[in-house]
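Below is one structure; the comments refer to it alone.
The values are calculated or read from the model by the stated rules, or taken from the named source; none is laboratory data. For clarity, every value in this text was computed on a predicted model and none was experimentally measured. Cβ atoms come from the backbone with ideal geometry, glycine included; neighbour counts cover every protein chain shown.
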Amino acid sequence: MCMVLVSDKPRLLVRYGGELYAMAAFCPHAGAVLAEGFVSGRGEVVCPLHDYRFRVRDGYNSSGEGYRLRCHVVEKRADGIYLGVAEGMVS
């Protein structure tokens, strides 16, 4: 799990179950850097501040606080990894 810049905006890139997922880089609750947390065995990004949990596949707040992370489509190509953002695919 690491933070990457896409169009000058930080995103969280996560590998889980052999797949790549991309989502918002900060916890919507208190702004914690999610890359400083970990990925649980159930495929959840765990916030390092308050242990809020977000499913990597859809950003759903599985610990029940009512938040959701914005997720992005990830496409692996021969020339790199691309994330789908509002402006289109950006490498």
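Miscellaneous remarks
- Any hit, the range 56-77, residues being within 14 Å of M3 (Cβ to Cβ) and either more than 13 Å from the chain's Cα centre (by Cα) or among the basic types (K, R) (or both): no
- The range 26-51 residues that are more than 16 Å from E65 (Cβ to Cβ), paired with ones that are modelled with pLDDT of 95 or more and among the aromatic types (F, W, Y) (beta carbon under 9 Å, 6 or more apart): V33/F26; V39/Y16; G43/Y16; G43/Y21
- Of the strands (runs of 3 or more DSSP E) entirely within the chain, those holding at least 2 residues that are at pLDDT 95 or above occupy 2-6, 9-16, 19-24, 44-46, 53-55.
- Condition check for G84 on (1) touching a residue at least 40 places away in the same chain (Cβ under 8 Å); (2) touching a His at 6+ places or on another chain (Cβ under 6 Å): one failure, at (1).
- Boolean, R70 is among the basic types (K, R), touching a strand residue (DSSP E or B) at 6+ places or on another chain (Cβ under 8 Å) and surrounded by 14 or more Cβ atoms within 10 Å (Cβ to Cβ): no
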